[in-house]
Amino acid sequence: MSIVDTFKSRIQGMTSVVFTTHVIPDADGIGSEISLCMALRSMGIKAVCVNDEPLPLRYRYMDPDHVVLGSNEFEPNVFGPVDLWIVVDTNTVDRVCPILQPIIRKNNNVLFIDHHPAPHLEGQAGHCVDTTAAATGQLVGHIIQSLGIPFNRKLALPLYTAIIIDTSSFRYPSVSAATHHLVGDLMATGIAPGEAYNGIYGAKKIEHMHLLGTILSTAQATKNGDIAWIHLSKNLIKRFESDVEDTHAFINHLLILDNIKVACMFRDDGDALKVSLRSSGEWDVGLLARHLGGGGHSHSAATVIMKKEGDSVDDLIHKTVEKMEKILPTLKA
Ligand SMILES: [Mn+2]
């Protein structure tokens with residue numbers, strides 16, 4: 001069954017729906033839940049989005065109707081029975097807000113809409129997972145169209161934002177003709193690229209520039225330039241009063257290096273070292289991430305390395321890059 005047919009059959013007869021996305025949500029998860037929530041409301045379905053935290057300030061332009069609540073603002077008893085939970089941009093309940101996890105598991109009626117690999121859902125029908133989609137926002141856009149709901153500016157801007165962020169402004173091989181056709185339909189509502197671009201990439205504070213400058217000035221690369229990396233320490237984030245979520249795009253600066261195959265960003269989270277991986281698509285960083293215990297797309301992936309007592313971050317980074325150099329020849333997509 002196609003994604004849109006699956007969605008239509010799952011939504012049949014549902015009168016109340018709650019959306020959520022993964023913790024530390026990105027603009028794809030947020031834009032997707034907002035747009036589909038508003039679309040279902042326009043069909044007369046009671047719908048709301050509940051995230052771990054209230055919407056960060058910089059994303060509020062996508063939510064003029066305030067359909068997103070933080071988990072501390074959601075009152076299940078007031079909302080009443082939930083017919084269906086829709087989880088977007090991830091495909092496991094383990095990745096959503098810890099307060100919601102037991103509620104969703106108890107409810108037992110959950111629909112995932114996602115574009116990440118979902119090995120544990122294999123063989124399970126009834127979910128909207130398509131790993132070829134450039135963004136969850138692309139799947140949601142096609143679902144809304146198939147429901148016969150015309151796009152308006154409010155529905156279009158969050159989806160346009162979702163697609164911009166997940167394709168890093170249309171640079172990844174996941175971008176297809178279908179992506180651009182959908183974007184054309186979204187833009188026909190009158191939204192302008194700058195509304196989304198400036199919303200997510202603009203409105204930075206001067207400290208953000210200083211942090212970016214400091215990070216980039218310490219970028220390193222292997223001798224042949226195959227792998228380049230930056231390291232975001234806890235101290236730096238604190239020193240420049242920055243928000244961790246706002247540093248996601250730093251890694252993209254490495255992708256313009258000559259001969260770059262894999263870009264990495266190491267972020268020290270205290271107990272663990274978070275490793276973000278990007279490539280222009282020719283070298284499969286999803287596979288690289290799986291080698292290192294993580295996962296993701298061929299162009300964008302991540303893993304987490306748990307620190308042991310006495311581990312120095314510099315040593316861990318060094319060892320990880322060495323491992324990557326060994327695996328690299330097997331990653332040609
Ligand atoms: Mn996504």
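The values are calculated or read from the model by the stated rules, or taken from the named source; none is laboratory data. The structure displayed is predicted, hence computed values, not measured ones. Methodologically, a virtual Cβ is constructed for each residue, glycine included, from the backbone with ideal geometry; neighbour enumeration extends over all protein chains shown. We work out accessible area using only protein heavy atoms, side chains counted, and drop any ligands, DNA or RNA first. Shrake-Rupley method; radii C 1.70, N 1.55, O 1.52, S 1.80 Å.
Round to a whole number: what % of the accessible area of the chain belongs to carbon and sulfur, probe 1.4 Å?
Carbon and sulfur: 53 percent of the exposed surface of the chain.
With Cβ to Cβ distances under 13 Å as the rule, what net charge do the other residues near H253 carry (K, R +1; D, E -1)?
Combined, the nearby Lys, Arg, Asp and Glu give +2.
Report, as a whole number in µm² per second, the diffusion coefficient that Stokes-Einstein gives for segment 227-286 at 25 °C and 0.890 mPa s using the Kirkwood radius over alpha carbon pairs.
201 µm²/s
Let me know the charge dipole size of the chain about its Cα centre in debye, to the nearest 20, where only the beta-carbon of Lys, Arg (+1) and Asp, Glu (-1) is charged.
Here the chain has a charge dipole of around 180 debye.
Please compute one quarter of the surface area of the Cα convex hull for segment 42-91 and express it in square nanometres.
4.5 nm²
Taking only DSSP H segments of four or more residues, each worth -39500 (n - 2.57), what value at 222 nm results for the chain once the sum is divided by all its residues, to the nearest 500 deg cm²/dmol?
Estimated from H runs of four or more residues: -10500 deg cm²/dmol.
What accessible area per residue comes out for the chain, rounded to a whole number of Å², with a 1.4 Å probe?
46 Å²
Would you tally the net charge around Y201, using a Cβ to Cβ cut-off of less than 15 Å, leaving Y201 out, and scoring K and R as +1, D and E as -1?
With Lys, Arg at +1 and Asp, Glu at -1, the net is -3.
Relative to the longest principal Cα axis of the chain, at what angle does helix 206-217 sit, 0 to 90 degrees, rounded to 10?
50 degrees
Can you tell me the convex hull volume per residue for the chain, based on C-alpha atoms, in Å³ to the nearest whole number?
With only Cα atoms used, the chain gives 145 Å³ per residue.
Starting from the exponent 0.38 and prefactor 2.2 Å, build the expected Rg for segment 228-333 from its residue count and divide its actual Cα Rg by it.
So segment 228-333 has a normalised radius of gyration of 1.03.
May I ask you to order 205-211, 265-271 by the average number of other C-beta atoms within 10 Å around their residues, highest value first?
Taking the mean over residues of other Cβ atoms within 10 Å, the ranking is 265-271, 205-211.
Compute the signed sum of charges (Lys and Arg +1, Asp and Glu -1) over the other residues within less than 13 Å, Cβ to Cβ, of A156.
Its environment carries a net charge of 0.
Taking H placed 1.01 Å from N in the peptide plane, check which residues at least 5 places from A47 or on another chain put their amide H under 5 Å from its amide H.
Under 5 Å from the amide H of A47 lie the amide H atoms of V17, each far enough along the sequence or on another chain.
So for the chain, averaging the separation of alpha carbon pairs under 8 Å that are six or more residues apart and normalising by length, what relative contact order in percent results?
Dividing the mean separation by the residue count of the chain yields 13 percent.
Measure up K46/K205; K223/K332; K8/K106; K154/K274 against 26 Å on the Cα-Cα distance and list the ones that go over.
K46/K205; K154/K274
Going by average Cβ density within 10 Å per residue, which order do the peptides 166-178, 232-244, 274-286 take, highest to lowest?
Packing proxy ranking, top to bottom: 274-286, 166-178, 232-244.
P(r) for segment 3-201, please, calculated from all Cα pair distances in 10 Å bins and given in %.
Histogram of Cα-Cα distances, whole percents per bin: 9, 41, 38, 12, 0.
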